[in-house]
Amino acid sequence: MTDTPLVAMTAGGPHAWIMINALRDRFGDFPIILEQGESQKAFWDRRRRLLGGMKVASMKAARIPIRLNKGGSRAVLHEMIETEQLNPHPPIGVAPIEVETVNDDTTRSLLRSLSPKVVFVVSTRMIGAKTLGCVGAPFINYHSGINPAYRGMYGGYFALAKGDRENFGSTVHLVDPGVDTGDILYQARLEPSRRDSFHTYVWRLAAGSREIVIQAVEDALNGDLKPYRVDLPSKQYFSPTFGGYLWTGLTRGVW
């Protein structure tokens, strides 16, 4: 069996393709495992069991003002794509290997057959211990937030919403069965634009984090990973609530 240097696992999305395309520019072609996105019903049902019906209803209601604020982001995204030379689309001429979920036997069998030296993970559901242990390679995740303070979703937005501008940034870390709890490899603190919003923060973070993703993968391929821990309070975030989103926008100008 011939080892595959690098394999990527993702459910897709612009910032995921930005990172995967940056890795392809540096390392050439590699297999991409594309999992099916979780249905909205399954997603919200899981959130409801975890957080309760009232909070989830407020999170769903917040999508209305967030969506209404989307129009102003188009010019910012277009400018960012041009100036930062971002490629937010699936690679042309490459057929990802589609799987139902990163946690099924099909994916584990595929990983064993590829025998990668490193697995890069971006925008998948949580990966269970069974999949993480099916090959000897490190699983390396790109997260749009500073861990452990902004684990979960929308880390850049929540850092700004809390007035914690110095922790607007991203993390590349080893994957363990927790939610963004693995040891850290690299972090990048970045500066948002005054024109940024909920719709552009993740793009801003991706644009400024490609180098640390490339470096982490290069370290893994060279057998030179140096994981470490960060002394920050640990908290997991989900989605903004209706009241929280409006209050933060009106009081801090963070939309």
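Data for the structure
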{"item": "Over the chain: helical MRE at 222 nm, DSSP H runs n ≥ 4 each giving -39500 (n - 2.57), nearest 500", "result": "-12500 deg cm²/dmol"}
{"item": "Viscosity 1.567 mPa s, 4 °C: Kirkwood-radius Stokes-Einstein D of segment 4-252 over Cα pairs, µm²/s", "result": "69"}
{"item": "Within a Gaussian network of the chain (alpha carbon springs, distance under 10 Å), most fluctuating of 188, 62, 42", "result": "42"}
{"item": "Under the span-like rule (Cα at least 18 Å along the axis, Kyte-Doolittle mean at least -0.5), DSSP H helices of the chain", "result": "14-27, 53-68"}
{"item": "Ranked by how many other beta carbons lie within 10 Å on average, peptides 207-218, 22-33 from highest", "result": "207-218, 22-33"}
{"item": "Per-residue Cβ neighbour rank within 10 angstrom, fewest leading, 101, 107", "result": "101, 107"}
{"item": "Dipole of segment 4-252 [Lys/Arg +1, Asp/Glu -1 at C-beta], most positive-end residue of 222, 111, 190", "result": "190"}
{"item": "For segment 4-252: relative contact order, % (alpha-carbon pairs under 8 angstrom, 6 or more apart)", "result": "24"}
{"item": "Pairs of Lys in the chain closer than 29 Å at Cα, counting only those 8 or more apart or on different chains", "result": "19"}
{"item": "Electrostatic dipole magnitude of the chain [Cβ: Lys, Arg +1; Asp, Glu -1; Cα centre; debye, to 20]", "result": "1220"}
{"item": "Space enclosed by the convex hull of the alpha-carbon atoms of segment 1-41, per residue, Å³", "result": "66"}
{"item": "Burial ordering of 239, 115, fewest other beta-carbon atoms within 10 Å first", "result": "115, 239"}
{"item": "Residue 78-residue 250 pseudo-label distance in nm [points 7 Å out on the Cα-to-Cβ vector]", "result": "3.3"}
{"item": "Proxy reagent accessibility, fewest Cβ within 10 Å first, across 9, 59", "result": "59, 9"}
{"item": "Gain upon complete extension [residue 39, residue 193; 0.36 nm per residue less C-alpha separation]", "result": "52.2 nm"}
{"item": "Rough spin-label spacing in nm, given labels placed 7 Å along Cα→Cβ, for residue 211 and residue 95", "result": "3.8"}
{"item": "Descending principal axes extents, segment 124-255, alpha-carbon based, whole Å", "result": "49, 27, 26"}
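Every number here is computed from the coordinates shown, using simple stated rules; none is lab data. These numbers were taken from a predicted model, which means no experiment stands behind them. Neighbour counts run over all protein chains shown; Cβ positions are idealised from the backbone, glycine included.
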